[in-house]
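To keep things clear, I will list the structure first and then write my remarks on it.
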Amino acid sequence: MSERDNGWSRELRRRIKVYDEIDAKNDWHGQMGAGDYWGLLVLTVVLVAGFSVWGG
Amino acid sequence: MTHTDTTEQQGYRDAAERGDLPLLPAERLWGFWEFTYANSALAIATWAFLIGGAVGLFVGPREGIAAIVIGNIIGVILTALPTCVPAGKYGVEQFNALRSQFGPNGSRLVYFLAVVFLTMGWLAVLSMMFGRSIDGLTALVSGGEAAPLGPKVTIAAIGAILLTWFVVAKGPTSIKFFNMVISPALVLLMGWMMYLILSHHSFGELMAMQALAPPFEDKTLNFIIAVEVNLAAGFSWWPYIGNLGRLTRNERTAFWPNIIGIFGAAALGEVVGLLGSVALGNSDPTIWMAQVGGVAVGVIALGFVAFANVTSMANILYTSVVGLRQIGTRAIRGIRWDMLLFLFCVVPLILVVFYPTMYDGFFIFLVWTSALNSALAGIGIADYFFLRRQKLDLGGLHGDPATSPYRFAGGFNPIGIVALIVGFVVYVAVFNPQTLESVPAFKYLTASLPSCFAAGLVHYVLTRIFAKGEGWGNYPRG
């Protein structure tokens, strides 16, 4: 394995470690939660039902 | 830190930006509004006028606006969930992430099917739109008749492709400059067109207008076809938005701006295209824009639309060829940048010369792409949310494919491929985009939604049953 490959693997491991640490601490900032998915569902239902009645 | 270290770190950051490595949260610069602006700029393009015009063929403005909202909101949400949420969490390039669903070679196959063909088709359609804009503009100035299938259009369309090739070959800086100018200007053009249309017709008159060429007597069927065209428009963002989402700071920032940017901006443009086409009696924006406000307005609008088309073409050509180099073999990466761009343009050039009527039936091409994109979205949702419970193995995605847990069989995940085929077959069985023939269930379910659901279900069930053992995706058990 060349020096370049070694450096690349090191960098990849470093980046993976950052994410592993976030995962271990469950420190995902801005993670989509139940509120987001419910909001999404309500928005979709309101738009689809509302415009179906108005124009469908 | 030495100069060598700094240069090396910069090299890795560049590699991460290109997608070779996952971007770290600190390297991702886009917040909510930056991403909203970026994907609004992508969505506000001339194709929105075309799609709106196509909707006007099937239904009148009231039903058309409803179809635009319903189709786009569902399509954009089902597309953004499996692409932007993982990208926002891990900063991973979309087609690298796709290795977890299809394997490294399967991901390449999907890239060719979903990105290369889609982009080549759009390049041909937009170049023809450029040609027709120039033809309409010269006809307005000379007082003659426009000839949409004449040699002038073909020559101008070829010129548009070659101009796009030249701009993109120069590098991304020129494209960024055009984007900064064109997107806000297109918003102004849309506002201006809307003003001109509303100055001739009241809102009530517009809403009472009829469709231009409804294919069936059954109004519900025509409405559902209009919804399907818009679902296809929403799903057609699948190849592009994941790689924009990875530049944002987190999942929420990667997801929600799509609702304002992609959904809102595209819907606005389509509504203008719809109202213009129905009010002026022609679905082709290069025709109705020439009639909406007299010679001077027509010349300015068509000249601008021609120019804006080149910007849209440059955006998609650049994005697709960058991606092609990322996922391509060593031989593809060895081809010179300008030569690779030109090779990409050969098929659109052939389409322009030998299939100029593609422009008038472009929505058929758009709807065909949904047979694939809706299935891809379904597989992505089943895999990332239900099978993997939102966890990816970054080492497996970026490490040696020969030892990766995502190597599957020869680099292909046969389960993902089967699910994709099932989704495609379900789509065509429910609704044939070429002939517009459909089964009775189409009126209640559309075709994209059954395709999305079937592909996701097949992927989920077959994975649960068969994906066991090392190298078969490392799916969590229990």
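The values are calculated or read from the model by the stated rules, or taken from the named source; none is laboratory data. Keep in mind that this is a model prediction, so the values were computed, not measured. Here the Cβ is made from the backbone with ideal geometry for all residues, glycine too, and neighbour counts use every protein chain on show. Calculation scope for accessible area: heavy atoms of the full protein, side chains included, ligands and nucleic acids excluded. Shrake-Rupley method; radii C 1.70, N 1.55, O 1.52, S 1.80 Å.
Of note:
- Of B:P184, B:P239, all but one fail to be assigned to a helix (DSSP H, G or I) and either within 30 Å of B:N96 (Cα to Cα) or touching a helix residue (DSSP H, G or I) at 6+ places or on another chain (Cβ under 6 Å) (or both); the exception is B:P239.
- Members of the range B:409-438 that are hydrophobic (A, V, I, L, M, F, W, C), outside any helix (DSSP H, G or I) and closer than 19 Å to B:G378 by Cβ: B:F412, B:F431
- Close contacts from the range A:31-43, counting a first residue that is of a type in the set (D, E) and a second that is open to solvent by 60 Å² or more (accessible area, probe 1.4 Å), with Cβ to Cβ under 7 Å and a gap of 6+ residues or different chains, come to A:D36/B:R252.
- Count of residues meeting criterion [touching a Gly at 6+ places or on another chain (Cβ under 6 Å) and either among the aromatic types (F, W, Y) or not in a helix (DSSP H, G or I) (or both)] in the range B:39-68: 2
- Subset of the range B:117-135 [out of contact with any Lys or Arg (no Cβ under 8 Å at 6 or more places or on another chain) and open to solvent by 10 Å² or more (accessible area, probe 1.4 Å)]: B:F117, B:M120, B:W122, B:F130, B:R132
- Test set (1) within 9 Å of chain B (Cβ to nearest Cβ); (2) loosely packed, with under 13 Cβ neighbours inside 10 Å; (3) under 16 Å from B:R13 (Cα atoms); (4) not aromatic (F, W, Y) - A:H29 fails condition number: (3)
- Qualifying positions in the range B:220-264 - open to solvent by 10 Å² or more (accessible area, probe 1.4 Å) and either more than 13 Å from every other protein chain (Cβ to nearest Cβ) or free of Cβ contacts under 8 Å to residues at least 40 places away in the same chain (or both): B:S236, B:W237, B:Y240, B:N243, B:L244, B:L247
- Of all the criteria given as (1) open to solvent by 10 Å² or more (accessible area, probe 1.4 Å); (2) over 24 Å from B:G234 (Cβ atoms), the one not satisfied by B:L372 is (2).
- Subset tally (residues that are at the interface with chain A (Cβ under 9 Å from one of its Cβ atoms) and closer than 18 Å to B:L23 by Cβ) for the range B:61-95: 5
- Here B:L274, B:L268 are screened, and the one residue that is within 12 Å of chain A (Cβ to nearest Cβ), more than 30 Å from B:K391 (Cβ to Cβ), assigned to a helix (DSSP H, G or I) and of a type outside the set (G, A, S) is B:L274.
- Subset of the range B:189-206 [open to solvent by less than 50 Å² (accessible area, probe 1.4 Å), part of a helix (DSSP H, G or I) and touching a residue at least 40 places away in the same chain (Cβ under 8 Å)]: B:L189, B:M190, B:M193, B:M194, B:L196, B:I197, B:L206
- Residues that are closer than 29 Å to B:F263 by Cα and in contact (Cβ under 8 Å) with a residue 24 or more places away in the chain within the range B:18-32 comprise B:R18, B:G19, B:P22, B:L23, B:L24, B:P25, B:E27, B:R28, B:L29, B:W30, B:G31, B:F32, listed in sequence order.
- Scanning the range A:6-16 for residues that are facing chain B (nearest Cβ under 10 Å) and either closer than 22 Å to B:F263 by Cα or open to solvent by 30 Å² or more (accessible area, probe 1.4 Å) (or both) turns up A:W8, A:S9, A:R10, A:R13, A:R14, A:I16.
- Counted residues, the range B:28-38 - those being at pLDDT 85 or above, open to solvent by less than 40 Å² (accessible area, probe 1.4 Å) and part of a helix (DSSP H, G or I): 2
- Unique match (being free of Cβ contacts under 8 Å to residues at least 60 places away in the same chain and over 30 Å from B:P215 (Cβ atoms)) among B:G395, B:G411, B:G416: B:G395
- Flag if B:V295 is assigned to a helix (DSSP H, G or I), at pLDDT below 90 and touching a helix residue (DSSP H, G or I) at 6+ places or on another chain (Cβ under 9 Å): yes
- Count - residues of the range B:162-203 that are modelled with pLDDT under 80 and over 14 Å from B:T311 (Cβ atoms): 1
- The lone exception for B:V168 - which of (1) under 30 Å from A:Y37 (Cα atoms); (2) open to solvent by less than 50 Å² (accessible area, probe 1.4 Å); (3) within 20 Å of the chain's Cα centre (by Cα) it fails: (1)
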